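Enquirer: Sharing a structure here in C-alpha cells format.
The values are calculated or read from the model by the stated rules, or taken from the named source; none is laboratory data. Computed from a predicted model, the values in this text were never measured in an experiment. So basically every Cβ, Gly included, is an ideal-geometry build from the backbone, and we count neighbours across all protein chains shown. Please note that ligands, DNA and RNA were not included when accessible areas were found on the heavy atoms of the full protein model with its side chains. Shrake-Rupley method; radii C 1.70, N 1.55, O 1.52, S 1.80 Å.
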Amino acid sequence: MTETTSVPTETAESVDDFAARARTWLVDNMPRIDAANPPEADRGEEAPWQRARELQKTLYEGGFAGICFPREYGGLGLPIAYQKAFDNEARGYEMPMILNTPTFTICAATILDTGSEDQKRQHISAALRGDEVLVQLLSEPSGGSDLAGVITRADRVGDKWVINGAKTWSTSAFAADYGLMLARTDWDLPKHEGLTMFMVPINSPGITLRRIKQVNGSEEFCEEFFDNLELGDDAVVGEVNEGWHVASRQLYHERRAVGGGSEFASGIGAEGKTDMPIDYVELLEKTGQADNERARELAGRALAHRAVREQLIDHVYHGVLDGSLPPAAGSIIRVMHAEIHHLEFDTVLALAGSAGVVDVGDDLLRYGERYLSRQSAALGGGTTEIARNIIGERVLGFPREHAADRGVPFNQVKRNKT
C-alpha cells in the first residue's frame, strides 16, 4: 500500500498558464455565485446532488475534473499546485463542492490506493464524469468508535458473498450509487484480521435505506439494513480478510479531507448559504459592536486561528508528501479542524447573543441554527479522542493503550448482545 496516492504527470504547461486557461474557461462555462443569494446546498435534499452532478459533468467536459487523479482513470495527473491554482481562479463560481467529501477525497482516493484496476477505471472515472456518487458504509449501531468491531457479516455461499447486518450515520447515502462497506468475513480471526471491504451498489435488492433526522432538521445521514444482500467477488476491494488495511487507508483520507488537506478536493469556499464562512465584520456591525474592543478581540482571535489552520494544512500535506511526517500526521489537521470549528461557533454565538437564537429579522438566527451541529466537527472522520490517540501513538511514538481484545479471535471477544 503506497504512502502517496499518485505520481504527478509531467506537463509542459506551467501553473500560471494553467491558471490563465482555467480563468478563461470558467468565465464562459461555470455560473457565477450571487453573493447576496448563494445557492442552496442542503446535503439532505435531492436537488443539490443533481445540480452537483451536472456541474461535475461540465468540469469533466472542460478538462478540469480530477486535476490530481491519474490520467488513466480520467484525471489530469498534475501536482497539487495546479489544483490550488484552479481553486483560486474558481473562487466565486458555483462548483460541485458536495462531491468532494466523501466521493473524491475519501472513497475515490481509497479506491485509487487499494482497488483493482477494473475498480479504478470504473468508479474513479465515473465519479469524475459526474455519473457516480460514492459514500462510506462503516459505522454500526453497536460499534461506536471501534470500527474494527463491526458485526455486519459477509458469509460465503457458493460463489457469492451474502451480507447481513446494519450500518448507520452514512453521510448522504440516499444520493449515492455505491458505498464502501466493511464487513466481517472470518469470525475465528482477531477483529482486525477478519474483515473485508466491499463495493456495494446502494440500490441493490436486499438493502433497506432510511433517513435520519438531526436536531437541526437535516436528513443528510442515513441508516442501511442488509438482508441477504448478494455480492460477487468483483465487489471485494483489496483482499479478503485484509479489509482493515483498506479501512485504515480510508480513514487516513477521511481525516485529511475533514481537516481540508486533501489534494483531491476541487474548489474552495462554502457549499452553499448554510456553509458560508463567518463574516465577523458584518456580524459586529449588525450587533452594534463594531467599536467594541472586546468584541473585536474575540473576532480577531477566531480569524487568527483560521489563518493558522490554513498554514498547518499546507505544512502537514507537504510533510507527509516528502516523508518528514508519517501519514498518521493527517490526524493533526483533523484535531485542529475540530478545535477551530468549536472556537468559531462559540465566538459567533457569544457575539450574536440573543439574536443568534431568536428570529428578530436580521438574519443572525442562522448562526444559532448552525451552532446546533457544532459537535459534528469532533465526530466526523473518527472522534477527536481517537485522533489524539493516533497522534500520540503513530506520530509521537507513545506506547499503545492496552486492549483486552488484541489478538483474541473475534468470536471469543466479549461484547454486548442484542
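For every residue, the table says whether it meets (1) more than 22 Å from Gly115 (Cα to Cα); (2) touching a residue at least 24 places away in the same chain (Cβ under 8 Å); (3) outside the structural domain of Gly381 (by the TED database).
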{"residue": "Thr171", "(1), (2), (3)": "no, yes, yes"}
{"residue": "Leu182", "(1), (2), (3)": "no, yes, yes"}
{"residue": "Ile207", "(1), (2), (3)": "yes, no, yes"}
{"residue": "Ile212", "(1), (2), (3)": "yes, yes, yes"}
{"residue": "Phe225", "(1), (2), (3)": "yes, yes, yes"}
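Enquirer: Restricting attention to region 115-158, report how many residues are hydroxyl-bearing (Ser, Thr, Tyr) and either in contact with a strand residue (DSSP E or B) (Cβ under 6 Å, 6 or more places away or on another chain) or at pLDDT below 95 (or both).
Expert: Restricting attention to region 115-158, the residues satisfying the condition of being hydroxyl-bearing (Ser, Thr, Tyr) are 116, 125, 139, 142, 145, 152.
Within this subset, residues satisfying the condition of being either in contact with a strand residue (DSSP E or B) (Cβ under 6 Å, 6 or more places away or on another chain) or at pLDDT below 95 (or both) are 139, 142, 145, 152.
So the answer is 4.
Enquirer: Something else now. Give the residue that is most open to solvent (accessible area, probe 1.4 Å), with candidates limited to residues of region 77-128 that are part of a helix (DSSP H, G or I) and of a type in the set (Asp, Glu). First the steps, then the outcome.
Expert: So the first thing to find is which residues in region 77-128 are part of a helix (DSSP H, G or I), and the list is 80-90, 97-114, 117-128.
So of that shortlist, the ones also of a type in the set (Asp, Glu) come out as 87, 89, 113, 117-118.
Details: Asp87: 14, Glu89: 37, Asp113: 24, Glu117: 81, Asp118: 120 Å².
If we take residues in region 77-128 being part of a helix (DSSP H, G or I) and of a type in the set (Asp, Glu), then Asp118 is most open to solvent (accessible area, probe 1.4 Å).
Enquirer: Here is a check on your reading of the model: is Arg51 in contact with a helix residue (DSSP H, G or I) (Cβ under 8 Å, 6 or more places away or on another chain), farther than 25 Å from Ala20 by Cα and either in contact (Cβ under 8 Å) with a residue 40 or more places away in the chain or open to solvent by 20 Å² or more (accessible area, probe 1.4 Å) (or both)? Even if it seems obvious, please write down each step before you answer.
Expert: On the way: in contact with a helix residue (DSSP H, G or I) (Cβ under 8 Å, 6 or more places away or on another chain): no; farther than 25 Å from Ala20 by Cα: yes; either in contact (Cβ under 8 Å) with a residue 40 or more places away in the chain or open to solvent by 20 Å² or more (accessible area, probe 1.4 Å) (or both): yes.
Considered against the rule, which asks whether it is in contact with a helix residue (DSSP H, G or I) (Cβ under 8 Å, 6 or more places away or on another chain), farther than 25 Å from Ala20 by Cα and either in contact (Cβ under 8 Å) with a residue 40 or more places away in the chain or open to solvent by 20 Å² or more (accessible area, probe 1.4 Å) (or both), Arg51 comes out as no.
Enquirer: Looking only at residues that are out of contact with any helix residue (DSSP H, G or I) (no Cβ under 8 Å at 6 or more places or on another chain) and modelled with pLDDT of 85 or more in region 394-404, which one is most open to solvent (accessible area, probe 1.4 Å)?
Expert: If we filter region 394-404 for residues that are out of contact with any helix residue (DSSP H, G or I) (no Cβ under 8 Å at 6 or more places or on another chain), which is where we start, we get 396-397, 402-404.
In the following step, the residues that additionally are modelled with pLDDT of 85 or more were identified as 396-397.
Numbers: Leu396: 106, Gly397: 59 Å².
Of everything passing the filter in region 394-404, Leu396 is most open to solvent (accessible area, probe 1.4 Å).
Enquirer: Tell me which residues, restricted to region 384-393, are surrounded by 15 or more Cβ atoms within 10 Å (Cβ to Cβ) and either more than 26 Å from Leu189 (Cβ to Cβ) or not assigned by the TED database to the domain that holds Ser324 (or both). Walk me through it before giving the result.
Expert: From region 384-393, those surrounded by 15 or more Cβ atoms within 10 Å (Cβ to Cβ) are 384, 386-387, 389-392; that's our starting set.
Thr384, Ala387, Ile391, Gly392, listed by residue number.
Enquirer: So is Ala295 over 23 Å from Pro79 (Cα atoms), out of contact with any Gly (no Cβ under 6 Å at 6 or more places or on another chain), crowded, with 19+ Cβ neighbours inside 10 Å and not hydroxyl-bearing (Ser, Thr, Tyr) or not?
Expert: Details: over 23 Å from Pro79 (Cα atoms): yes; out of contact with any Gly (no Cβ under 6 Å at 6 or more places or on another chain): yes; crowded, with 19+ Cβ neighbours inside 10 Å: yes; not hydroxyl-bearing (Ser, Thr, Tyr): yes.
Taking the combined requirement at face value, the residue satisfies it.
Enquirer: Which number in (1) of a type outside the set (D, E, K, R); (2) surrounded by fewer than 18 Cβ atoms within 10 Å (Cβ to Cβ); (3) in a helix (DSSP H, G or I) marks the one condition that Asn241 misses?
Expert: (3)
Enquirer: Out of (1) out of contact with any Lys or Arg (no Cβ under 6 Å at 6 or more places or on another chain); (2) open to solvent by 50 Å² or more (accessible area, probe 1.4 Å); (3) not polar (S, T, N, Q), the odd one out for Met199 is which?
Expert: So Met199 meets the others, but not (2).
Enquirer: Would you mind stating whether Arg210 is basic (Lys, Arg), within 29 Å of Val335 (Cα to Cα) and open to solvent by 10 Å² or more (accessible area, probe 1.4 Å)?
Expert: Values: basic (Lys, Arg): yes; within 29 Å of Val335 (Cα to Cα): no; open to solvent by 10 Å² or more (accessible area, probe 1.4 Å): yes.
It is false that Arg210 is basic (Lys, Arg), within 29 Å of Val335 (Cα to Cα) and open to solvent by 10 Å² or more (accessible area, probe 1.4 Å).
Enquirer: Based on what the data block shows, is Leu312 open to solvent by 30 Å² or more (accessible area, probe 1.4 Å) and among the aliphatic types (A, V, I, L, M)?
Expert: On the way: open to solvent by 30 Å² or more (accessible area, probe 1.4 Å): yes; among the aliphatic types (A, V, I, L, M): yes.
Yes: the conditions hold for Leu312.
Okay, residues lined up against (1) among the small types (Gly, Ala, Ser); (2) crowded, with 18+ Cβ neighbours inside 10 Å; (3) closer than 17 Å to Thr287 by Cβ:
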{"position": "Ala302", "(1), (2), (3)": "yes, yes, yes"}
{"position": "Ala307", "(1), (2), (3)": "yes, no, no"}
{"position": "Pro327", "(1), (2), (3)": "no, yes, no"}
{"position": "Met336", "(1), (2), (3)": "no, yes, no"}
{"position": "Ile340", "(1), (2), (3)": "no, yes, no"}
{"position": "Asp346", "(1), (2), (3)": "no, no, yes"}
{"position": "Tyr367", "(1), (2), (3)": "no, yes, yes"}
{"position": "Ser373", "(1), (2), (3)": "yes, no, no"}
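Enquirer: Of all residues in region 1-36, which are surrounded by fewer than 17 Cβ atoms within 10 Å (Cβ to Cβ), modelled with pLDDT of 80 or more and part of a loop (DSSP other than H, G, I, E, B)?
Expert: Correct list: Glu13, Ser14, Pro31, Asp34.
Enquirer: In region 307-315, is there at least one residue being outside the structural domain of Ala352 (by the TED database) and under 16 Å from the mean Cα position of the chain (by Cα)? Outline the logic, then answer.
Expert: As a first pass, look at region 307-315 and keep what is outside the structural domain of Ala352 (by the TED database): none.
Checking region 307-315: not a single residue is outside the structural domain of Ala352 (by the TED database) and under 16 Å from the mean Cα position of the chain (by Cα).
Enquirer: Has region 208-226 got any residue that is under 21 Å from Gln122 (Cβ atoms), part of a strand (DSSP E or B) and not small (Gly, Ala, Ser)?
Expert: Keep residues of region 208-226 that are under 21 Å from Gln122 (Cβ atoms), which gives none.
No - not one qualifying residue is present in region 208-226.
Enquirer: Across region 153-185, which residue is nearest to Val133 (Cα to Cα) among those that are open to solvent by less than 10 Å² (accessible area, probe 1.4 Å) and in a loop (DSSP other than H, G, I, E, B)?
Expert: Per the criteria, the residue is Ala176.
Enquirer: So in region 313-339, with the set limited to residues that are part of a helix (DSSP H, G or I) and of a type in the set (Ser, Thr, Tyr), which one is nearest to Tyr252 (Cα to Cα)? Quick ask: steps written out before the conclusion?
Expert: Taking region 313-339 and keeping what is part of a helix (DSSP H, G or I), we get 313-322, 327-339.
From the residues that got through so far, the ones that are of a type in the set (Ser, Thr, Tyr) too are 317, 331.
Working: Tyr317: 12, Ser331: 8 Å.
Going through the qualifying residues, I end up with Ser331.
Enquirer: Read through the list (1) surrounded by fewer than 18 Cβ atoms within 10 Å (Cβ to Cβ); (2) of a type in the set (Gly, Ala, Ser); (3) under 21 Å from the mean Cα position of the chain (by Cα); (4) at pLDDT 90 or above, then give the number of the only condition that Ala265 fails.
Expert: Ala265 satisfies all of (1) surrounded by fewer than 18 Cβ atoms within 10 Å (Cβ to Cβ); (2) of a type in the set (Gly, Ala, Ser); (3) under 21 Å from the mean Cα position of the chain (by Cα); (4) at pLDDT 90 or above except (1).
Enquirer: Please determine whether any residue of region 289-305 is closer than 24 Å to Met97 by Cβ, outside any loop (DSSP other than H, G, I, E, B), at pLDDT below 90 and not assigned by the TED database to the domain that holds Ala36.
Expert: Initial filter on region 289-305 (closer than 24 Å to Met97 by Cβ): 302-303, 305.
Keeping just the survivors that are outside any loop (DSSP other than H, G, I, E, B) gives 302-303, 305.
Next, from what is left, pick out any that are at pLDDT below 90: none.
The answer is no, given that none of the residues of region 289-305 is closer than 24 Å to Met97 by Cβ, outside any loop (DSSP other than H, G, I, E, B), at pLDDT below 90 and not assigned by the TED database to the domain that holds Ala36.
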